[in-house]
């Protein structure tokens, strides 16, 4: 959400909306994992995976987000394999589903990075169109 707020503040509405949508999906991932852990009689401890990265440049945000999605795919694939080796098909399916989601997130971020490479900095400028406040209607006198 940190990146969503900063992108929105900078006027990059479409990118901010993308990050907000994905952040909400990621919260759903946390919920699914917590529910599975509790079902398996485990306990859930909610702690941040790490500090918030104070990156506010849109291109740097996209690059970091894409890297994080790739890392998640690797980790979730490993967990899916471990669950399969433990004959826990339901947990394996949860992780496989998360891999699919994370690959989709990566693809969205990667497409934005490719557009920046293809169209240059002007692509980011296009992200702010339609974001200017509307003019107040003229008052009748």
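Numerical summary
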quantity: Verdict on residue 111 being modelled with pLDDT of 95 or more and within 20 Å of the chain's Cα centre (by Cα); calculated: yes
quantity: Selection within the range 79-102 - within 22 Å of residue 61 (Cα to Cα) and in contact with a helix residue (DSSP H, G or I) (Cβ under 6 Å, 6 or more places away or on another chain); calculated: 98, 99, 102
quantity: Residue 49 more than 21 Å from residue 12 (Cβ to Cβ) and at pLDDT 95 or above; calculated: no
quantity: Residues of the range 1-10 satisfying the condition of being free of Cβ contacts under 8 Å to residues at least 24 places away in the same chain and surrounded by fewer than 16 Cβ atoms within 10 Å (Cβ to Cβ); calculated: 1, 5, 9
quantity: Candidate set from the range 11-32 (those that are touching a residue at least 60 places away in the same chain (Cβ under 8 Å) and in contact with a helix residue (DSSP H, G or I) (Cβ under 7 Å, 6 or more places away or on another chain)); member that is farthest from residue 108 (Cα to Cα); calculated: 32
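The values are calculated or read from the model by the stated rules, or taken from the named source; none is laboratory data. As the structure is a computational prediction, the values presented were derived from the model and not from experiment. With ideal geometry, Cβ positions are generated from the backbone for all residues, glycine too; neighbour counts draw on all protein chains shown.
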